[in-house]
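**Student:** This is the structure I want to talk about, given as structure tokens.
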Amino acid sequence: MKKLLFTIIAFLGFTFLAKAQEEEDKTQRQPTPVTQAQVEKDEKMAKEEREKHDKEKQAEAEKQRLKAEDKNATKKKPKKTSTHPGKQ
């Protein structure tokens, strides 16, 4: 019984010790510093994405405008009527 108790205590002790060392390693790690080149690269990519998105929105708006104009143009066509009264 004593052997089992000491084994469990030793196991838990080593487990907690390993966990504490792991936490200490995590706190000592520093994130990589952000360089000016990386900031400029990200800024350029974001600008390109915004321009691409704006172009897509403009194209969609133009498409909707042309669709509306075409719809209005088809409604405004005069109806054909017969030149002979009574025949329609």
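The values are calculated or read from the model by the stated rules, or taken from the named source; none is laboratory data. What you see is a predicted model, and the numbers here were worked out from it, not measured in a lab. These area figures cover heavy atoms from the full protein model, side chains too; ligands, DNA and RNA do not enter into them. Shrake-Rupley method; radii C 1.70, N 1.55, O 1.52, S 1.80 Å.
**Student:** Counting heavy atoms of the protein chains only and a 1.4 Å probe, report the per residue accessible area for the chain as a whole number of Å².
**Tutor:** On the way: 9350 Å² over 88 residues.
Accessible area per residue, the chain: 106 Å².
**Student:** Using only the alpha-carbon atoms, how far is helix 2-28 inclined from the longest principal axis of the chain? Give it as 0 to 90 degrees, nearest 10.
**Tutor:** The angle comes out at about 50 degrees.
**Student:** Would you list which aspartates and glutamates come within 19 Å of K63, measuring only between C-alpha atoms, while excluding same-chain residues fewer than 8 positions from it?
**Tutor:** Of all the aspartates and glutamates, those that pass the test against K63 - Cα under 19 Å, at least 8 places apart if same chain - are E51, D54.
**Student:** A further question follows. Which of the three applies to the chain, rounded, prolate or oblate, going by the alpha-carbon gyration tensor with a ≥ b ≥ c and a/c under 1.5 meaning rounded?
**Tutor:** oblate
**Student:** Taking only Cα atoms, what is the 0 to 90° angle, nearest 10, from helix 36-75's long axis to the longest principal axis of the chain?
**Tutor:** 30
**Student:** Length gain on complete extension for the stretch L17 to K3, per 0.36 nm per residue less the alpha carbon to alpha carbon distance?
**Tutor:** On the way: separation 14, 0.36 × 14 = 5.04 nm, distance 2.09 nm.
Residue separation times 0.36 nm, minus the Cα-Cα distance, leaves 3.0 nm.
**Student:** On to the next question. Which aspartates and glutamates have a Cα less than 17 Å from the Cα of K52, not counting those fewer than 8 places away in the same chain?
**Tutor:** Partners within reach: D42, E43, E60, E62.
**Student:** Still on this structure: Run the accessible area of the chain with a 1.4 Å probe and give the carbon-and-sulfur part as a rounded percent.
**Tutor:** That fraction is 59 percent.
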